[in-house]
Amino acid sequence: GAVVSQHPSWVICKSGTSVKIECRSLDFQATTMFWYRQFPKQSLMLMATSNEGSKATYEQGVEKDKFLINHASLTLSTLTVTSAHPEDSSFYICSARDGGGVGTDTQYFGPGTRLTVL
Amino acid sequence: SQQGEEDPQALSIQEGENATMNCSYKTSINNLQWYRQNSGRGLVHLILIRSNEREKHSGRLRVTLDTSKKSSSLLITASRAADTASYFCATAHGNNRLAFGKGNQVVVIP
């Protein structure tokens, strides 16, 4: 149980294009999902908190118009990197919090999406 | 800002030995969690310890929490080659947000 998937697992795009990453909770309802980015050999940095049916809450320094987050249902959140540039190349990881099951303090992480912007 | 800080950051041990990692944080927490990450993969939740707990076990893992010192340790006993990974501590704060530490790279030599 408590499986989170991400799609795609990797993507290569040209500078200036937009890329959408999906995060799905497969066997539980996630009222809250989180988006992180991770640079090589570094820790995870929280970008934003995504709440179902409401606007995402962005961390300080994260451009909300650059990283569009939509949490349309209890099992799906999407992150769209708009007008991507090489400096946006990173490993993007989502996590989902079980809204009502046992161990609701635990976040379950997706396998990550490697974005490379040429 | 990241709250957790692990020390040491790189650890190389022989299979069968124990591995210990430490984590310190700066503000009060609801709970502290440890995660493992294999290279290029997502995070696997290992163990959660609440602020009112002092020690917790899960299989070969032992976690301690000292809220007076704002520190935690993760002990992996009888290490295996498959334990080779990066280990992160994360402190949970308001709104369920996690702040991750810098991570420990553990290499277990067969």
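Of the residues making up region A:86-118, just one is in contact with a Leu (Cβ under 8 Å, 6 or more places away or on another chain), open to solvent by 40 Å² or more (accessible area, probe 1.4 Å) and at pLDDT 95 or above, namely A:86. Residue count for region B:11-42, restricted to those that are more than 10 Å from chain A (Cβ to nearest Cβ), open to solvent by less than 10 Å² (accessible area, probe 1.4 Å) and in contact (Cβ under 8 Å) with a residue 60 or more places away in the chain: 4.
Pairing each residue of region A:40-59 that is over 29 Å from residue B:23 (Cα atoms) and of a type in the set (A, V, I, L, M, F, W, C) with any residue that is surrounded by fewer than 19 Cβ atoms within 10 Å (Cβ to Cβ) and modelled with pLDDT of 90 or more, provided the two are 6+ apart or on different chains, yields C-beta distances under 9 Å for A:56/A:64; A:56/A:68; A:56/A:70.
Yes/no per residue for (1) hydroxyl-bearing (Ser, Thr, Tyr); (2) away from every other protein chain (no Cβ under 12 Å):
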site: A:43; (1), (2): yes, no
site: A:55; (1), (2): no, yes
site: A:77; (1), (2): yes, yes
site: A:96; (1), (2): no, no
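Only strands (runs of 3 or more DSSP E) whose full extent lies in region A:1-70 are considered here, and the ones with at least 1 residues that are surrounded by fewer than 14 Cβ atoms within 10 Å (Cβ to Cβ) are A:10-13. Of all the residues in region B:65-74, those that are crowded, with 17+ Cβ neighbours inside 10 Å and part of a strand (DSSP E or B) number 5.
Among the residues examined, residue A:83 does not qualify as open to solvent by less than 30 Å² (accessible area, probe 1.4 Å) and within 27 Å of residue A:14 (Cα to Cα). Scanning region B:43-55 for residues that are within 13 Å of chain A (Cβ to nearest Cβ) and in a strand (DSSP E or B) yields B:43, B:44, B:45, B:46, B:47, B:48, B:49, B:50. Within this structure, residue B:78 passes the test of being more than 13 Å from the chain's Cα centre (by Cα), exposed (fewer than 14 other Cβ atoms within 10 Å of the Cβ) and farther than 28 Å from residue A:6 by Cβ.
The values are calculated or read from the model by the stated rules, or taken from the named source; none is laboratory data. Worth saying up front: this structure is predicted, and the values here are computed from it rather than measured. Heads up, the Cβs are rebuilt from the backbone with ideal geometry, glycines too, and the neighbour counts pull from every protein chain shown. Surface areas here come from the heavy atoms of the whole protein model, side chains and all, with no ligands, DNA or RNA. Shrake-Rupley method; radii C 1.70, N 1.55, O 1.52, S 1.80 Å.
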